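**Q** Quick one: the structure is below, questions incoming.
Bear in mind these aren't lab numbers, they're just calculated from the coordinates by the rules spelled out. All values reported here derive from a predicted model rather than from experimental measurement. So basically every Cβ, Gly included, is an ideal-geometry build from the backbone, and we count neighbours across all protein chains shown.
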Amino acid sequence: MKKRTFLKKLSAIGLSGFIPNKINNTNLEDLNHGKYYSENNFWKTVRSQYKLNSEFINLENGYYNIIPNPVMIKYKKLISKINYEGSYYMRNKLEIDESKITKNLAEFIDCNNEELIITRNTTESLDLVISGYPWKKNDEAIFADHDYGAMKDMFIQVSKRYGIKNKIISIPLHPKSDQEIVELYEKQINSKTKLIMVCHMINITGQILPVKKICKMAANYGVEVMVDGAHAVGQFNLSIRDLNCDYYGSSLHKWLAAPLGTGLLYIKKKNIPKIWPLFATSTKNLEKIKKLNHKGTHPVHSKLAILCAIEYQNWLGIKKKEKRLRFLKDYWINKIKGVKNVKINTPFDKLRACGIGNFGIKSIEPSKLADILLKDYKIYTVAIDEKGVKGCRVTPNLFTNTTELDRLVYAIKKIANF
């Protein structure tokens, strides 16, 4: 979306006063078009827009991507605005603004706004689908052992409640082709299969799965596909319309860098009527997705700030951001390829990963490895100790520079030569 168009939309809901024309005295249009800045200086400018903790190098941005200062400034103003108007805003303006925010978000991810609601995170989004699905005894669901724990737990819960069967597959760390992955799901399908859950990007390894091909295959069998896009929205270019999935959930406080507690849920229109809401709703039309959006009073200013995060994202450019994140991941992984005792758990193929990487070191438990990196080298990562994946997940952000990644590479090589 063009900047001028977006600002007009913000103005329509009374938020244009919170969107400054300049960030850190730098003209956005000049930076975007590279009139006065090199690529290197552009990313230095972006780094300057974050307040960073000097006590450690933050390479764990996959859990929560901290908010850049331009968005944080607007977010604080929104908190003050809501606090100033109080109940008057909540009763008279909230519903109008939520509708307009949803339309902007739908445009951002390329879907129909009538198929989208704003939630608090991916877990809430996908658990709404799993728990509200019209399961019958002996129905079957398929998911992978590397899928996110909260959703796997919900599948286990509904299996106990409704008597459904869960089939769990294993995704190879370094697949030979998309077809290899598609066939893993396809081989588990039978006449009782109702739903497949698939990660757009596996959170522990960073592997991007061929979601569009899986959806096309499943549709041939009349099986629905629910996509965990927690790490996809805001990290790389995507279109929900193009994927043609049935359900899609994401967390906006990750790679979009919106405030904590913001997410989205997409449901293909034909599927909305059959999903039961978690909370009772006063919405009379149960064919509308809003029936799933009732959760009582909540921090609306976080929702409003989604617009600010999208505006900042549009200034960066999603393709430019994707290219930078992929560069950062490739930079450190390529430097540790072939290092003795080091195992890389992320695919090397350019299109199978973006900003997330994972490595392990022989004979060192992941938790100990993460502790060594933090205590001895002041590098913060997260330990991953799951089936077939033992190591540390490394998730740089746009503020990360190659000097910091060189320190990571140095640390890995030193620890590996124990």
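**Q** If you restrict to DSSP beta bridges whose two residues both lie in the chain, what percentage is antiparallel, to the nearest 5?
**A** For the chain, the DSSP antiparallel bridge percentage is about 55.
**Q** Which length gain, in nm to one decimal place, applies between LEU374 and LYS213 when the Cα-Cα distance is subtracted from 0.36 nm times their residue separation?
**A** Answer, rounded to one decimal: 54.0 nm.
**Q** Show me 310-322, 147-159 ranked by packing, highest mean number of other Cβ atoms within 10 Å first.
**A** In decreasing order of mean packing, 310-322, 147-159 become 310-322, 147-159.
**Q** So what's the stretch 161-278 giving for Cα Rg divided by 2.2 N^0.38 Å, two decimals?
**A** My calculation over the Cα atoms of the stretch 161-278 gives 1.09.
**Q** Let me ask something else about it. Can you run phi through the Karplus equation (6.51, -1.76, 1.60; θ = phi - 60°) for the stretch 319-329 and list ³J(HN,Hα) in whole Hz, with x for Gly and Pro?
**A** Coupling constants for the stretch 319-329: 5, 5, 5, 4, 4, 5, 5, 5, 4, 5, 5 Hz.
**Q** In addition: Run the reach check for LYS323 against lysines, Cα to Cα strictly under 16 Å, same-chain hits fewer than 8 apart removed. What comes back?
**A** LYS44, LYS350
**Q** Taking every pair of Cα atoms in the stretch 94-309, average 1/r, invert it to obtain the Kirkwood radius, and report Rg/Rh to two decimals.
**A** 0.95
**Q** By per-residue mean of other Cβ atoms within 10 Å, what is the highest-first order of 302-309, 266-273?
**A** In decreasing order of mean packing, 302-309, 266-273 become 302-309, 266-273.
**Q** To continue, here is another question. Considering only C-alpha atoms, what is the centroid distance from the stretch 352-370 to the stretch 187-217, in Å?
**A** Computed from Cα coordinates, the inter-centre distance equals 24 Å.
**Q** From zero outward in steps of 10 Å, how is the percent of C-alpha pairs of the chain spread across the bins?
**A** 4, 21, 30, 26, 15, 3, 0
**Q** Report, in deg cm²/dmol and to the nearest 500, the calculated mean residue ellipticity at 222 nm for the chain, where each DSSP H run with n ≥ 4 adds -39500 (n - 2.57) and the sum is divided by the residue count.
**A** Rounded to the nearest 500, the figure is -13000 deg cm²/dmol.
**Q** Say each of MET90 and ASN112 gets a label point 7 Å from the Cα, pointing the same way as Cα to Cβ; how far apart are those two points in nm?
**A** Label-label distance for MET90 and ASN112, simple model: 3.3 nm.
**Q** Pairs to check: LYS212/LYS387; LYS176/LYS387; LYS167/LYS368. Give those whose C-alpha atoms are more than 30 Å from each other in this structure.
**A** With Cα atoms farther than 30 Å apart: LYS167/LYS368.
**Q** Of the residues HIS253, HIS294, HIS231, which exhibits the maximal mean-square fluctuation in a Gaussian network model of the chain defined by a 10 Å Cα contact cut-off?
**A** So, out of HIS253, HIS294, HIS231, the one fluctuating most is HIS294.
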